Each structure stands twice: as structure tokens, then as C-alpha cells.
Amino acid sequence: MTDLTTALLDPILAADPAGPRITYYDDATGERIELSAITLANWAAKTANLLSDEFGLLPGSRVSVLLPAHWQTAAVLLGAWWAGLEVTLDADPDADAALVTADRLDDVADVPEVAVLSLDAFGRPVPDLPVGVTDYATAVRVHGDQFRPTGTGAATLDGRGVDEVLDAARAAAAADKVTGSDRVLSTRSWATPDELIAGLVSMLAVGASLVQVNNPDTDAIERRVGAEKVTVRFGG
């Protein structure tokens, strides 16, 4: 069985490895980050190696991802799927690991392995973390940017298998009339499995380029539609 990340990234890496794949804006901070498919794959590989080598997770392990719609979240998800893990978007006390923002630490107090993301544009660590909690930015950078998948679990996203997620992603793209030639500007949330599939996975599944905007400023978005050559827009 092919893991979800391989299914999503391999066609993009073959067709357009260097073009913009995810462009992330935060209008509250002025942040703009652009990732090609190669860069996104490198971050995903580092994350997969962190989860596999440092946390010791095996295919089929379950990981809670409590993170907003963000380019680093995309890397975390793709890394987890590459490692054959099942992602849940809820605080699951039975999860084998969790990747969270600092304000969600209390939600994963019973999870044995926890990494906290600052989501800082410059990779600054989270200050004053409790003993035993991993700072993602510090830990992930020492891991290799290549990853060789060793197997997949039966479930990929909250009980759904790879084929089920891919079918839902392609259906969502078709419903939204998004194709591989589109540059999509979105302010959608990724908080639930259906939102994540529609907001991120569907874009990768059809090879579209995503401009994800958090804390949207209406005037800035109107200017950005032209500057980023946006062809499809959701929210904002």
C-alpha cells in the first residue's frame, strides 16, 4: 500500500518540483513563506525522521496534530503520513505522540511523546518548555531531509485509509472546480478531517498551488489576488 504522502507528492515532484506549492501569509505579522514541492518534501522528511528515529514511532502509531492551517502544519502532516502514522486532529490521550502549539500542551498531558511548534518564521524555539517536551524547531533541523518509507498503517486520518482520503480529496477538488493549473487563495480552516481534506489535501491531490492566508486583511487579500496570480479564491 502506498502512503498518502508518496501518493500526493510524487506526481508533483515529477511534474513541477521547483514551482511554488504552498505560499503562506499571516496578515497579522506580515509573514510570507513560499515552499516548492522539493522544500516541502524536505521538511516532511525531516519530520518523518524525527517521529520515526527520535520518538520511535512505527507504522500504524497514532499521532495527535493540534495545529492551525500553516505551512509547518503541512510539513508535519506529510511527515506523519510518510512515516505510516495515523493522524488525529483531536486531543487523544491514547495517542503515541502529539505535535501541538504551546497553548495546547494541557490537552496532551497524558501523551508519552510531545513536540511543540512555535510556528515562528525564523525557527525560534518555544521558551520554558516543561522537562520531557520536545521543541520541534530545535529537534527537527538535525534530522535528514530524505526519508525512505518502511510501511503504512491501516488508517491515515481519523480512521480513514489512504484511498478513502484520496477519493475524498479529489471529490472536494472537483466540487470546488480546482485543477492542477490553478493558483488557489484560501483562508479555510484545517481543524477537522473534512476541512483538512478540502483545504490542503485536495490541492495537493490535483497538483494545484495553494496560497494559504491566516488572519486575513481584506485590502491585502484584494491586492494579493493579482500579485499571486490567483485563479480560484475561497474565503477572505
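Which one is farthest from A75 (Cα to Cα) among residues in segment 179-212 that are open to solvent by less than 30 Å² (accessible area, probe 1.4 Å), in contact with a strand residue (DSSP E or B) (Cβ under 6 Å, 6 or more places away or on another chain) and part of a loop (DSSP other than H, G, I, E, B)? Filtering first and then ranking leaves D182.
Have a look at A37, A98, A44 and point out the one that is over 13 Å from the mean Cα position of the chain (by Cα) and within 24 Å of G151 (Cβ to Cβ). Let's see the steps before the verdict.
Working: A37 fails: over 13 Å from the mean Cα position of the chain (by Cα); A44 fails: over 13 Å from the mean Cα position of the chain (by Cα).
Only one candidate passes the filter, namely A98.
Would you point out which residue out of A227, A173, A208, A168 is under 23 Å from R62 (Cβ atoms) and either without any contact (Cβ under 8 Å) to a residue 12 or more places away in the chain or among the small types (G, A, S) (or both)? That would be A168, the only listed residue that is under 23 Å from R62 (Cβ atoms) and either without any contact (Cβ under 8 Å) to a residue 12 or more places away in the chain or among the small types (G, A, S) (or both). Restricting attention to segment 5-43, the residues that are touching a strand residue (DSSP E or B) at 6+ places or on another chain (Cβ under 8 Å), under 18 Å from I197 (Cβ atoms) and in a helix (DSSP H, G or I) add up to 2.
Of the residues making up segment 1-39, those that are touching a helix residue (DSSP H, G or I) at 6+ places or on another chain (Cβ under 6 Å), open to solvent by 50 Å² or more (accessible area, probe 1.4 Å) and among the small types (G, A, S) number 0. Filtering segment 79-92 to residues that are buried (at least 17 other Cβ atoms within 10 Å of the Cβ) and in a loop (DSSP other than H, G, I, E, B) leaves A83, G84, L85, L89, A91, D92.
Here is a check on your reading of the model: is D53 in contact with a Leu (Cβ under 9 Å, 6 or more places away or on another chain) and at pLDDT 95 or above?
Numbers: in contact with a Leu (Cβ under 9 Å, 6 or more places away or on another chain): no; at pLDDT 95 or above: yes.
Taking the combined requirement at face value, the residue does not satisfy it.
If you go through segment 107-122 and keep only what is surrounded by 15 or more Cβ atoms within 10 Å (Cβ to Cβ), in a loop (DSSP other than H, G, I, E, B) and modelled with pLDDT of 95 or more, you end up with V111, L117, S118, L119.
Residues in segment 142-173 that are modelled with pLDDT of 95 or more and among the basic types (K, R) were compared, and the one that is nearest to V65 (Cα to Cα) is R160. Inspect segment 93-106 for any residue being part of a strand (DSSP E or B) and open to solvent by 60 Å² or more (accessible area, probe 1.4 Å) and give the result as yes or no. So far as segment 93-106 goes, no, none of its residues is part of a strand (DSSP E or B) and open to solvent by 60 Å² or more (accessible area, probe 1.4 Å). For residues that are surrounded by fewer than 15 Cβ atoms within 10 Å (Cβ to Cβ) and in contact with a strand residue (DSSP E or B) (Cβ under 9 Å, 6 or more places away or on another chain), scanning just segment 147-178, find the one that is farthest from A45 (Cα to Cα). Among those residues, the one meeting the criterion is K177. Among all positions in segment 107-123, there is no residue which is touching a residue at least 60 places away in the same chain (Cβ under 8 Å), of a type outside the set (D, E, K, R), in contact with a helix residue (DSSP H, G or I) (Cβ under 7 Å, 6 or more places away or on another chain) and more than 22 Å from L196 (Cβ to Cβ).
Can we say D182 is in contact with a Ser or Thr (Cβ under 6 Å, 6 or more places away or on another chain) and of a type in the set (D, E)?
Details: in contact with a Ser or Thr (Cβ under 6 Å, 6 or more places away or on another chain): yes; of a type in the set (D, E): yes.
Here the answer is yes, as D182 does meet what is asked.
In segment 130-156, the residues that are assigned to a loop (DSSP other than H, G, I, E, B) reach residues that are basic (K, R) with C-beta atoms within less than 6 angstrom, at least six apart or across chains, in these pairs: H143/K46; D145/K46.
The values are calculated or read from the model by the stated rules, or taken from the named source; none is laboratory data. This one's a predicted model, so the numbers in the text were calculated from it and none came from an experiment. In this analysis, Cβ positions are derived from the backbone assuming ideal geometry, glycine residues included, and neighbour counts consider all displayed protein chains. Calculation scope for accessible area: heavy atoms of the full protein, side chains included, ligands and nucleic acids excluded. Shrake-Rupley method; radii C 1.70, N 1.55, O 1.52, S 1.80 Å.
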